[in-house]
Amino acid sequence: MIIVMQHGASKEQVEHVFERITAIGLRYQAIYGEERVVIGVIGEEDLIRTLPIDAMPGVERSFPILHEFRLADREWHEQPTQVAVDGVVFGGNKVVVVAGPCTVEDEPMLVRTAESVQTSGASMLRGGAFKPRTSPYTFQGHGEQALAYLAEARAATGLPVVTEVMDTADIELVASYADVLQVGARNMSNFSLLKKVGKLDKPVLLKRGMASTVRELLMSAEYILSNGNMKVILCERGIRTFEDGTRNTLDLSAVPAIKTVSHLPVIVDPSHATGRSAFIAPMAKAAIAAGADGLMIEVHPNPETAMSDGAQSLTFGQFEQLMKELGPIAAAVGREI
Ligand code: PEP
Ligand code: MN
């Protein structure tokens, strides 16, 4: 922690800060500049964070040296973490493609979609059973019935499945069917949910909140990691900006930004990021070029009849074509798909 004293801070104010630092067992090193005093605090940074430094008289500002996300930090774990789900590895050389409908509508549509995306090269199936919808009057998902359909689609294809858990009360139920639990954008800061999924031995796909910074995403991941679950996959899915030509703004720089500071695998969801099927292919390609470890793409047998997110869903043919086009992009950045 570095503490910058105000211009003109008195000797007493500086000494008061020293006293508060030593009172909690830490040391300090002060630099007396021509304009102001700068204090470096030496010792465990968690301890100094317990002090309201910026509220002390004469302090202009303070800033941490260490990342607050300890377990998600690359310094703690230099090598990229690989999260394996039934033989599908996130964070390895192979770019993992997760595909499927926004919502699980019925068993035949789900199995057909699973078979089709598998033939095209997807290695995991997605599908919502509990849907976070903006309006309480729209379709909310088929719940446990949809979880059972996901299990049937997995049995038919061998594809592992990822589905969202929205409520702490449903964790056990969803975990009993899903191979990966998704914590959606709207729940990225639901700390009770994060702590509970952190207690499970099951991979978690944590999506970035639409108004959350990369640091906040990593702090949310830290909730899961610090509760003992090290199987965390991060997902960039677009953030809210002033742009209204797309559903969200895909923040692709989040991929290298996360990888610079964290060892966790990162995938990109161009579907929720753009909201428009025509934009999925270019953004999926860009995501791979940017270093994403995987993609999550919505695919529907007939997007114009989809119960949710039809406008951003690819047809089977469009997905097949996209998968073909992604190969050379992955190869160009030294990856396989
Ligand atoms: C989803 O993936 O089904 C979803 C609702 O996405 P997000 O949480 O990113 O909005
Ligand atoms: Mn959707």
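The values are calculated or read from the model by the stated rules, or taken from the named source; none is laboratory data. These figures come from a predicted structure and were not determined experimentally. All Cβ positions, glycine included, derive from the backbone under ideal geometry; neighbour counts span all protein chains shown. Protein only, heavy atoms only, side chains kept; ligands, DNA and RNA dropped before computing areas. Shrake-Rupley method; radii C 1.70, N 1.55, O 1.52, S 1.80 Å.
Name the single residue that is surrounded by the most Cβ atoms within 10 Å (Cβ to Cβ) among those in the stretch 18-69 being touching a Phe, Trp or Tyr at 6+ places or on another chain (Cβ under 8 Å) and part of a helix (DSSP H, G or I). Only one residue tops the list, namely Ile21.
Look at Ala84 and say whether it is within 13 Å of ligand 1 (Cβ to nearest atom), in a strand (DSSP E or B) and modelled with pLDDT of 95 or more. So Ala84 does not fit the description; no.
Look through the stretch 172-201, keep the residues that are away from ligand 2 (no atom under 16 Å from the Cβ) and of a type in the set (Lys, Arg), and return whichever of them is farthest from Ala148 (Cα to Cα). Here the answer is Lys195.
Checked against the criterion of being among the hydroxyl-bearing types (Ser, Thr, Tyr), within 16 Å of ligand 2 (Cβ to nearest atom) and part of a loop (DSSP other than H, G, I, E, B), the stretch 148-170 has no qualifying residue. Within the stretch 303-331, residues that are of a type outside the set (Val, Ile, Thr) have Cβ atoms under 8 Å from residues that are surrounded by fewer than 16 Cβ atoms within 10 Å (Cβ to Cβ) and not in a helix (DSSP H, G or I) in these pairs: Met307/Phe139; Ser308/Arg133; Ser308/Thr138; Ser308/Phe139; Ala311/Arg276; Gln312/Arg276; Ala330/Glu336, counting only partners at least 6 apart in sequence or on another chain. In this structure, Thr113 qualifies as out of contact with any helix residue (DSSP H, G or I) (no Cβ under 6 Å at 6 or more places or on another chain), of a type in the set (S, T, N, Q) and not in a loop (DSSP other than H, G, I, E, B).
Mind listing just one residue for me: the one in the stretch 314-337 that is over 19 Å from Gly91 (Cβ atoms) and either touching a Ser or Thr at 6+ places or on another chain (Cβ under 6 Å) or acidic (Asp, Glu) (or both) and, of those, most open to solvent (accessible area, probe 1.4 Å)? My answer is Glu320. Taking each residue of the stretch 56-73 that is free of Cβ contacts under 8 Å to residues at least 40 places away in the same chain and looking for partners that are surrounded by 14 or more Cβ atoms within 10 Å (Cβ to Cβ) and among the aliphatic types (A, V, I, L, M) with beta-carbon atoms closer than 9 Å, six or more apart or interchain, yields Leu66/Met1. Within the stretch 201-210, is there a residue that is in contact with a Cys (Cβ under 8 Å, 6 or more places away or on another chain) and in a loop (DSSP other than H, G, I, E, B)? So far as the stretch 201-210 goes, yes, one or more of its residues are in contact with a Cys (Cβ under 8 Å, 6 or more places away or on another chain) and in a loop (DSSP other than H, G, I, E, B). Among the residues making up the stretch 75-86, those that are touching a Pro at 6+ places or on another chain (Cβ under 9 Å) and open to solvent by less than 70 Å² (accessible area, probe 1.4 Å) are Pro80, Thr81, Val83, Ala84, Val85.
Scan the stretch 210-228 and tell me whether some residue there is within 16 Å of ligand 2 (Cβ to nearest atom), of a type outside the set (Asp, Glu) and more than 27 Å from Ile337 (Cα to Cα). Yes; the residues of the stretch 210-228 include at least one that is within 16 Å of ligand 2 (Cβ to nearest atom), of a type outside the set (Asp, Glu) and more than 27 Å from Ile337 (Cα to Cα).
Residue pairs whose Cβ atoms lie under 6 Å apart, separated by 6 or more positions or on different chains, with the first residue in the stretch 165-193 and under 24 Å from Ala211 (Cβ atoms) and without any contact (Cβ under 8 Å) to a residue 60 or more places away in the chain and the second charged (D, E, K, R) and open to solvent by less than 50 Å² (accessible area, probe 1.4 Å), are Leu181/Lys202; Gln182/Glu164; Gly184/Glu164; Gly184/Lys207.
Residue by residue, here is whether (1) outside any helix (DSSP H, G or I); (2) within 16 Å of ligand 1 (Cβ to nearest atom); (3) in contact with a strand residue (DSSP E or B) (Cβ under 9 Å, 6 or more places away or on another chain) holds:
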{"position": "Cys235", "(1), (2), (3)": "yes, yes, yes"}
{"position": "Leu252", "(1), (2), (3)": "yes, yes, yes"}
{"position": "Ala273", "(1), (2), (3)": "no, yes, yes"}
{"position": "Ala278", "(1), (2), (3)": "no, no, no"}
{"position": "Ala284", "(1), (2), (3)": "no, yes, yes"}
{"position": "Glu298", "(1), (2), (3)": "yes, yes, yes"}
{"position": "Pro301", "(1), (2), (3)": "yes, no, no"}
{"position": "Ala311", "(1), (2), (3)": "no, yes, no"}
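Each residue in the stretch 113-155 was checked for being in contact (Cβ under 8 Å) with a residue 60 or more places away in the chain and surrounded by fewer than 16 Cβ atoms within 10 Å (Cβ to Cβ), and 4 of them qualify.
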